[in-house]
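What follows is one structure encoded as structure tokens, with my remarks underneath.
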Amino acid sequence: MATNAYVPHAAGYVDNEGVKIVSSRFPYEDSYTLERSLATGGYEGMKKALRMAPADVAALVKDAVLLGRGGAGFPAGVKWGFMPPVWPRYLVVNGDESEPGTYKDRLLMERDPHQLIEGCIIACYALGLNTCFLYVRGEMPVAQERIAQALNDAYDAGLVGKNIDGTDVSIDIVLHWGAGAYIVGEETALIESLEGNRGMPRLKPPFFPAAKGLYLKPTIVNNVETLANLPWLMINGSEEYKKYGSERSPGTRMLAISGHVKRPGVYEVEQGKVSFRDLFYGENYCGGITDDNDLKMFIPGGGSAPWFFEEQLDVLLEASEVGPAGSMLGSGAIVVMDETTDAVRACLRVVRFFARESCGKCTPCREGTTWEEKVLQRILDGHGRPEDIDLLLEIGANISPGVYPVAAHPDSGLEAVPFPPKQTTICPLGPSSVAPITSAIRRFRSEFEAKIANGSASEETHELSGTSA
Amino acid sequence: MSRLNEENVALAHEIISRYPRKKSALIPLLHVAQEQEGHVTNEAMEHLAELVGVTPAEVLGTASFYEMFKFEPQGKYMVNICTNISCQLVGGEELLHHAEKTLGVRPGGTTEDGMFTLEDVECMAACTEAPCLQVNYRHEYRLDNSDFDKLIADLRAGNRPEIPDHGTLGAVRQHIPADRMAGIESPETAGTPAWFASRTAQSN
């Protein structure tokens, strides 16, 4: 029934050709209701799982090589295996989607909350735990409402809570509201927030959440999209799952392509089967760059990802291809920038995000991101100094020492530096702020130099509002 | 008086009952407080401290970390315009400037009539629908200046009844009937679920 068209009630979603593992119900306007869910195989995966031994469910997920869809791309089954035999233990669902350019978990929560709930129960069952917290970003009240209604209906229908589907299995899912903090997407910050604290990441090692997480008990934090895969996986099995995608990255990804393309949208795409070129220029996808302009650069995996350029267009969309090429697929957030884009201005905007969202715990990040923003702002405003370019790189090196991951540039004989970067901070937020800086300076140093050389005469200043925030 | 009212105290107790430790309920309870008054008051924070068994300073410590919590009166409608990269590329900053001129306030400011508070905000997960904004966290997509003007006119005229006042979050709340709840236990005393032990033993 794929029509390769926008689905009006699921803003931005494009119902294109290809297998649908997590977005199959999106074309239905009432996809978020229990009625639609049950009429289209909802909770069948859960019922199948409940007839299996918990360890067999976990083994199936491990065998399917279900890679985490939140950003790091770590196999969920392996992560689950890190839990020591200690109880109580908890599952925490990360629905705090806020990486710049990322738009897929909100759709999954708003359009198919029952699929997510079913995925949660399957995971809880496999992990042998009975309390799951579903942490949804505060600025997403529609997702909150849809999940609250879905949970209420599922509890009433005996699909969640006490004696699920008439069995001895009892599992609670508690909907939790965030309140606006990007850093809470980091799993230990998420746990702190869920404990009612300021959402600051915890130092690790020695303890990772799987061993000591929520209330210092074993805790698995999984992304919304990761868990949304489980119902299909249970029904169809791991062998069928692995028929889609690539060997190292089975299944699909929900990808949001935004910026300068003719048809921006959210597409469910098999991993490792299409390239960025296919996505940007293919008629089944974005249909070309806006106004048929030339591509200048693109972000392959959210604001934290080093930039790619024309030379990387043929990289295939899977973590194991994008990482060695010098960036990351991250949260499936692809931002396309054409030749009209001011590299300094774009760089500043991404850096400013990290400066605003730094939690302040680690000095290199708290001070570094702030200075990165100030220096970039003065360059853009025409007050840059000749030493500012090296100063930016020096500040970056304080946060992320060594050679920062970057894409290859054959014209200047530069090879790719693989992901991830090193860090002097507890979490990757600070190092992420270095990505746009090293990416932009390495490729567009002359633009920085021109702005500095021309000073305030270069052009009108780009007034960025709200810098007090 | 801006402690939680009677209805919200009952709601607070229900929310607290869903967490193994009371303090975990703090952020949801701060939302309840903000919903009641439009912003979070000192009295409400003192009340929440009593309800979850921490000090008022700890409540403020948590609340002040999160951008959604406001400690002063806000406009009836909070207009949050995204200027992050996906929106910037297609006119998010220009939209913000237009909004500043139209409303006559800078980001963080509230119009004199108390109708609108303007904010410039970070990515709101609608990147393919840029430039976008939220009114009291309800999304509006692909706006140009005239769309913005119409939105403001509609809000002033009361033509957008589906958007609740600032502070109001979900119109639907989770409610678990007591007889349907598996049971939330203290992390100090909770053990292996009986079903897991028996099913694991069976399979071995």
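The values are calculated or read from the model by the stated rules, or taken from the named source; none is laboratory data. Since we're looking at a predicted model, the values are computed, not measured. Here Cβ is always computed from backbone atoms with ideal geometry, including for glycine, and neighbour counts include all displayed protein chains.
Here are the numbers:
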{"quantity": "Among the residues listed as A:Y281, A:Y267, the single one being closer than 19 Å to A:R69 by Cβ and aromatic (F, W, Y)", "calculated": "A:Y267"}
{"quantity": "Identity of the residue in region A:143-162, facing chain B (nearest Cβ under 7 Å) and under 27 Å from the mean Cα position of the chain (by Cα), that ends up surrounded by the most Cβ atoms within 10 Å (Cβ to Cβ)", "calculated": "A:Q144"}
{"quantity": "Hey, B:K23 over 26 Å from B:V121 (Cα atoms) and either within 11 Å of another protein chain (Cβ to nearest Cβ) or crowded, with 19+ Cβ neighbours inside 10 Å (or both) or not", "calculated": "yes"}
{"quantity": "Leading residue by the ranking (surrounded by the most Cβ atoms within 10 Å (Cβ to Cβ)) among those in region A:410-442 that are touching a Lys or Arg at 6+ places or on another chain (Cβ under 9 Å) and more than 16 Å from A:P300 (Cα to Cα)", "calculated": "A:G430"}
{"quantity": "Count of residues meeting criterion [in contact (Cβ under 8 Å) with a residue 60 or more places away in the chain and not in a helix (DSSP H, G or I)] in region A:226-270", "calculated": "27"}
{"quantity": "Considering residues of region A:181-225 that are of a type in the set (F, W, Y) and in a helix (DSSP H, G or I) only, the residue farthest from A:A49 (Cα to Cα)", "calculated": "A:Y182"}
{"quantity": "Residue within region A:287-301 that is under 18 Å from A:L67 (Cα atoms) and either within 14 Å of chain B (Cβ to nearest Cβ) or aliphatic (A, V, I, L, M) (or both) present", "calculated": "yes"}
{"quantity": "In region A:311-328, the residues that are modelled with pLDDT under 95 and in contact with a strand residue (DSSP E or B) (Cβ under 7 Å, 6 or more places away or on another chain)", "calculated": "A:A319"}
{"quantity": "From the options B:E162, B:E119, residue that is modelled with pLDDT of 95 or more and within 11 Å of another protein chain (Cβ to nearest Cβ)", "calculated": "B:E119"}
{"quantity": "Test set (1) within 7 Å of chain B (Cβ to nearest Cβ); (2) closer than 24 Å to B:Q174 by Cα; (3) touching a residue at least 24 places away in the same chain (Cβ under 8 Å); (4) of a type in the set (G, A, S) - A:G119 fails condition number", "calculated": "(1)"}
{"quantity": "Inter-residue pairs, beta-carbon under 6 Å, first more than 21 Å from B:K70 (Cβ to Cβ) and in region B:150-176, second of a type in the set (S, T, Y) and not in a loop (DSSP other than H, G, I, E, B), 6+ apart", "calculated": "B:I176/A:Y155"}
{"quantity": "Qualifying positions in region A:163-177 - facing chain B (nearest Cβ under 8 Å) and part of a strand (DSSP E or B)", "calculated": "A:I171, A:D172, A:V174, A:L175, A:H176, A:W177"}
{"quantity": "Region A:274-283, residues that are part of a loop (DSSP other than H, G, I, E, B) and surrounded by 17 or more Cβ atoms within 10 Å (Cβ to Cβ)", "calculated": "A:V274"}
{"quantity": "Candidate set from region B:71-102 (those that are touching a residue at least 40 places away in the same chain (Cβ under 8 Å) and touching a His at 6+ places or on another chain (Cβ under 7 Å)); member that is surrounded by the fewest Cβ atoms within 10 Å (Cβ to Cβ)", "calculated": "B:P73"}
{"quantity": "Tabulated pairs, region A:1-14, first farther than 20 Å from A:R106 by Cβ, second of a type in the set (D, E) and modelled with pLDDT under 90, C-beta under 7 angstrom, 6+ apart or interchain", "calculated": "A:A2/A:E17; A:N4/A:E17"}
{"quantity": "Hits in region A:101-148 - residues which are farther than 21 Å from A:F26 by Cβ and in a helix (DSSP H, G or I)", "calculated": "A:I121, A:A123, A:C124, A:Y125, A:A126, A:L127"}
{"quantity": "Sole residue being over 21 Å from A:P8 (Cβ atoms) and crowded, with 17+ Cβ neighbours inside 10 Å, chosen from A:I257, A:I289", "calculated": "A:I289"}
{"quantity": "Extreme residue, farthest from B:Y19 (Cα to Cα), among residues of region A:178-206 that are surrounded by fewer than 24 Cβ atoms within 10 Å (Cβ to Cβ), away from chain B (no Cβ under 12 Å) and touching a helix residue (DSSP H, G or I) at 6+ places or on another chain (Cβ under 8 Å)", "calculated": "A:K204"}
{"quantity": "Single match in B:R106, B:R138, B:R156 (criterion: within 27 Å of A:S331 (Cα to Cα) and surrounded by fewer than 24 Cβ atoms within 10 Å (Cβ to Cβ))", "calculated": "B:R138"}
